[in-house]
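Quick notes on the structure that follows.
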Amino acid sequence: MPTALVRNGRVVTASDSYEADLYVDGGKVALVGQGLSLPADTVIDASGCLVLPGGIDAHTHLDMPAGEITSADDFETGTRAAAFGGTTTVVDFATPEPGESLLSALETWRRKAEGKAAIDYGFHMAVREVGETTPAEMARLTRDEGVTSFKLYLAYLGVLQVDDAAFFRALLGARECGALTLVHAENGGVIDVLVKQALARGETAPRYHALTRPPEAEAEATARAISMAAMTGAPLYVVHLSCAAALAHVTSARDRGLPVFAETCPQYLFLSVADYDRPGFEGAKYVMSPPLRRAADQEALWRGLASGDLQVVATDHCPFTLADKERGRHDFSKIPNGAPGIETRMMLLWDGGVRAGRINAQRFVELTAAAPARLFGLWPRKGTLAVGADADLVIWDSEREARLSVEALHMRVDYSPYEGRVVRGGPVVVMSRGDVIVDHGEWKGRPGRGQFLKRQHAHPA
Ligand code: URP
Ligand code: ZN
């Protein structure tokens, strides 16, 4: 196996920051020390740069069917774009068809990724029905297949939504097999009524997407999910938390010592409800669920990231082309939900978080790599730079300036929600298991080199 020596960088992990060289052998970090002088096939000078653990994006939807269409990035284009942004692992959502078994859905998603993914990947399993056999299937996936987290939707009535009894049964099943339950927390019944009322009033523009999914609907479902998890004793992870009211429930649960965790996403930190009022149909670019919120919510989320009440920043990368978004030109409820973000997560969080003085570099690593590795059973193989860990690393130039634009980015979608935004700080070299896959903006990876990760039990802590 080729060896590599990364010299003169500042290694930053979730707990440390120090000048060191790293020696990579067999795809693993083999030595960390100062002044290392060993022969290596590749020598990389990281002077003036940081050396960070590769990012882990714990929430992506690659090649995901949504009715008649499919999310625009597949495992080849999506994982390549991820790498260009400094992410070296994704945990995607396998989603069964109605009536399909969880094991069959896993097979389908493994086929989607095999031969295509350029970085390592694992799967959460979405659960849309909780029948007699579901707990046994969950146990089998957890024990034998390395799928140790299950997501349930309290939104999308008539499509993915489960009722309270089903959610409760899934929590009991997850507790039994030691899995982590993920929840999309919005009250789908309330939203359904609000959407129908809005359309009946002729309110069809994208801005009504946000008005019919109020923060209260998210806060209510978050509180309900936490209460049900507390009744079972099972840990709970709230995906894409977007507002202060929902965060207050997570904070209060954690203050009571409950094993409740939550992620937010860059779109909720950097974009706002005002984006729905862009001219023409442009607001459709920002239709996602939960919707974008107000400035006060953004501030609350930043505080949560700094204080530890929020543990993870993931992307919910679920891009649809503008042609796909057109389906909802005359009815906002028909606009496919989701936006691109897999490539821009780390650059945005560095610029708006670290450079802006809201979080420090170690907290950045915690939020983008270490916490998702621990929560989703990838630690210590991923999420840190220590002897024995996978050599997934990013040489990060904290001064590098980039203008986020659809022309410069690599996601397979024809717009960027951040078009024109200038960010400072970004990856110059990205290594996955010892292979340089991005080198100063040049693609060196290849489809199919990414490996399926059988994840361990989650370690909520
Ligand atoms: O709008 C979104 N978030 N689309 C992706 C599916 C989901 O709800 O996570
Ligand atoms: Zn999602």
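Right, V51: outside any helix (DSSP H, G or I), under 30 Å from E19 (Cβ atoms) and more than 13 Å from ligand 1 (Cβ to nearest atom) or not? Quick ask: steps written out before the conclusion?
Details: outside any helix (DSSP H, G or I): yes; under 30 Å from E19 (Cβ atoms): yes; more than 13 Å from ligand 1 (Cβ to nearest atom): yes.
It is true that V51 is outside any helix (DSSP H, G or I), under 30 Å from E19 (Cβ atoms) and more than 13 Å from ligand 1 (Cβ to nearest atom).
Would you confirm, using the coordinates I've provided, whether S405 is in a loop (DSSP other than H, G, I, E, B), over 27 Å from A40 (Cβ atoms) and either among the hydrophobic types (A, V, I, L, M, F, W, C) or over 20 Å from the mean Cα position of the chain (by Cα) (or both)?
Values: in a loop (DSSP other than H, G, I, E, B): yes; over 27 Å from A40 (Cβ atoms): yes; either among the hydrophobic types (A, V, I, L, M, F, W, C) or over 20 Å from the mean Cα position of the chain (by Cα) (or both): yes.
Here the answer is yes, as S405 does meet what is asked.
Give the stretch 218-235 a look and list any residue that's touching a residue at least 40 places away in the same chain (Cβ under 8 Å) and either away from ligand 2 (no atom under 16 Å from the Cβ) or among the aromatic types (F, W, Y) (or both), or say none.
R224, M228, A229, M231, T232, G233, A234, P235
D45: open to solvent by 30 Å² or more (accessible area, probe 1.4 Å), away from ligand 1 (no atom under 16 Å from the Cβ) and of a type in the set (D, E), yes or no? Can you show your working first?
On the way: open to solvent by 30 Å² or more (accessible area, probe 1.4 Å): yes; away from ligand 1 (no atom under 16 Å from the Cβ): yes; of a type in the set (D, E): yes.
Here the answer is yes, as D45 does meet what is asked.
Among the residues of the stretch 321-339, which ones are closer than 21 Å to L211 by Cβ, within 14 Å of ligand 1 (Cβ to nearest atom), touching a residue at least 60 places away in the same chain (Cβ under 8 Å) and of a type outside the set (A, V, I, L, M)?
G328, F332, S333, P336, N337, G338
Here's the yes/no breakdown for (1) crowded, with 24+ Cβ neighbours inside 10 Å; (2) of a type in the set (A, V, I, L, M):
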site	(1), (2)
S307	no, no
T321	no, no
R329	no, no
M346	yes, yes
L349	yes, yes
A356	no, yes
Q362	no, no
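Only one residue in A81, A30, A14, A94 is within 16 Å of ligand 1 (Cβ to nearest atom), of a type outside the set (K, R) and touching a residue at least 12 places away in the same chain (Cβ under 8 Å), so which one is that? Walk me through how you get there before you give the answer.
Details: A81 fails: within 16 Å of ligand 1 (Cβ to nearest atom); A30 fails: within 16 Å of ligand 1 (Cβ to nearest atom); A14 fails: within 16 Å of ligand 1 (Cβ to nearest atom).
Selected residue: A94, the only one of A81, A30, A14, A94 that is within 16 Å of ligand 1 (Cβ to nearest atom), of a type outside the set (K, R) and touching a residue at least 12 places away in the same chain (Cβ under 8 Å).
Any idea which residue in the stretch 133-185 is nearest to M64 (Cα to Cα), counting only those that are surrounded by 23 or more Cβ atoms within 10 Å (Cβ to Cβ) and polar (S, T, N, Q)?
Looking at the filtered set, the residue picked out is S149.
Taking the criterion of being assigned to a loop (DSSP other than H, G, I, E, B) and either small (G, A, S) or more than 16 Å from ligand 2 (Cβ to nearest atom) (or both), would at least one residue in the stretch 55-66 satisfy it?
No; the residues of the stretch 55-66 include none that is assigned to a loop (DSSP other than H, G, I, E, B) and either small (G, A, S) or more than 16 Å from ligand 2 (Cβ to nearest atom) (or both).
If you take the residues in the stretch 252-269 that are surrounded by fewer than 20 Cβ atoms within 10 Å (Cβ to Cβ) and not in a loop (DSSP other than H, G, I, E, B), which one is nearest to the chain's Cα centre (by Cα)?
Applying the first criterion (surrounded by fewer than 20 Cβ atoms within 10 Å (Cβ to Cβ)) to the stretch 252-269 yields 252, 254-259.
Applying the additional criterion that residues be not in a loop (DSSP other than H, G, I, E, B) yields 252, 254-255.
Values: S252: 24, R254: 21, D255: 25 Å.
Once the filter is applied, the top-ranked residue is R254.
The values are calculated or read from the model by the stated rules, or taken from the named source; none is laboratory data. As the structure is a prediction and not an experimental result, all values here were calculated from the model. Cβ sites come from the backbone with ideal geometry, for glycine too, and all protein chains shown count toward neighbours. The protein model used for the area step is the full one, side chains on, heavy atoms only, and it has no ligands, DNA or RNA in it. Shrake-Rupley method; radii C 1.70, N 1.55, O 1.52, S 1.80 Å.
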